[in-house]
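Scroll down for the structure; my scribbles are underneath it.
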Amino acid sequence: MIPFTIAGIQLRISAGVDNVPVLRQALDALMHRFPWVQMALFSELAAYGPMPALAQAPGGPAETAFREMAVRHKIWLIPGSYFERVDDRIYNTALVIDPTGEVIQRYRKMFPFRPFELGVEAGTEFCVFDVPQTGRFGLSICYDMWFPETTRTLAALGAEVILHPTMTDTIDRDVELPIARAMAAINQCYFFDINGAGGGGVGRSIVIDPSGYVLHQAGDDTELMPIQIDLERVRWERERGVRGLGQPLKSFRDRPVDFTVYRRESFDGSYLNSLGKVSKPVRGN
């Protein structure tokens, strides 16, 4: 058994204000009550809410505060995400901070929630990282999950746990829950889908194991969710199959088909092009 404890923190926050002190207080409370936690994960845009105008430069005050939190508690910290300004571009960025306070990965959301996440650039680099003597982790953000290629790629890169901060404050949370469960089973991995509450989302965070079983589903308010996982379970599932049955990662590896839909230069994209531009609906249509 390779035990590792991850705490999802579903926190009630306010949109458009500095929530970093609230995050710090929640992390302090978590570590006081559950000092065996080794990694903590907040929700998407937890620091300032969905306000690109509050974007920070890399190395700014929020990043500094999060690095201090990781060092204080000697944990791995994924503080959700926040809008990051790089030159004249804004990204939805999540940091991976190790227990020494070093930012070892900076993941930029590949699929901004267009047309609603306006003015936000898409990232292009996948994020996996290793926790020594434990295993490999992958990171994605919210709407990324709706494109199964993102989670499949992380799993194909060896990720055994997918960390997935989310900010869903809309009526489609009931659609996301089965997507998260499917991603865990299809890719034979743990999946931590952590949403916010209040101004940060409708809650209902969910954690799924590599067999597709729900380990925990939260309510709609603040909730601390320390969950011990076993990385050997992932390796067993990938060797023997989901619940001892299908072995989807091996079958994907051994596939006889090449998916031409991903070849922009040769695939007939006339139908997709006929759908028109991504745009917000207006009254009357």
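Within the stretch 4-21, the set of residues being touching a Ser or Thr at 6+ places or on another chain (Cβ under 9 Å) and either part of a strand (DSSP E or B) or surrounded by fewer than 18 Cβ atoms within 10 Å (Cβ to Cβ) (or both) comprises Phe4, Gly8, Ile9, Gln10, Arg12, Ile13.
Quick check on Thr170: is it among the polar types (S, T, N, Q) and closer than 28 Å to Gly49 by Cβ?
yes
Take the residues in the stretch 233-277 that are loosely packed, with under 10 Cβ neighbours inside 10 Å, of a type in the set (Gly, Ala, Ser) and not in a helix (DSSP H, G or I), then tell me which one is nearest to the chain's Cα centre (by Cα). Going through the qualifying residues, I end up with Gly276. Residues that are within 30 Å of Trp36 (Cβ to Cβ) and under 19 Å from the mean Cα position of the chain (by Cα) number at least 2 in the following strands (runs of 3 or more DSSP E) confined to the stretch 55-126: 76-78, 89-97, 103-108. Scanning the stretch 48-64 for residues that are among the hydroxyl-bearing types (Ser, Thr, Tyr) and more than 21 Å from Ala197 (Cα to Cα) yields a single hit, Thr64.
For Gln188, the requirement of being over 20 Å from Glu44 (Cβ atoms), in contact with a Gly (Cβ under 9 Å, 6 or more places away or on another chain) and either buried (at least 20 other Cβ atoms within 10 Å of the Cβ) or among the basic types (Lys, Arg) (or both) is met. Filtering the stretch 30-63 to residues that are out of contact with any strand residue (DSSP E or B) (no Cβ under 6 Å at 6 or more places or on another chain), modelled with pLDDT of 95 or more and surrounded by fewer than 13 Cβ atoms within 10 Å (Cβ to Cβ) leaves His32, Arg33, Pro35.
Taking the stated definitions as given, is Lys280 part of a loop (DSSP other than H, G, I, E, B) and not polar (S, T, N, Q)? For Lys280, the condition - part of a loop (DSSP other than H, G, I, E, B) and not polar (S, T, N, Q) - is met.
The values are calculated or read from the model by the stated rules, or taken from the named source; none is laboratory data. A quick note: this is a predicted structure, and the numbers were derived from the prediction, not measured. For neighbour counting, all protein chains shown are included, and Cβ atoms are generated from backbone atoms with ideal geometry for every residue, glycine included.
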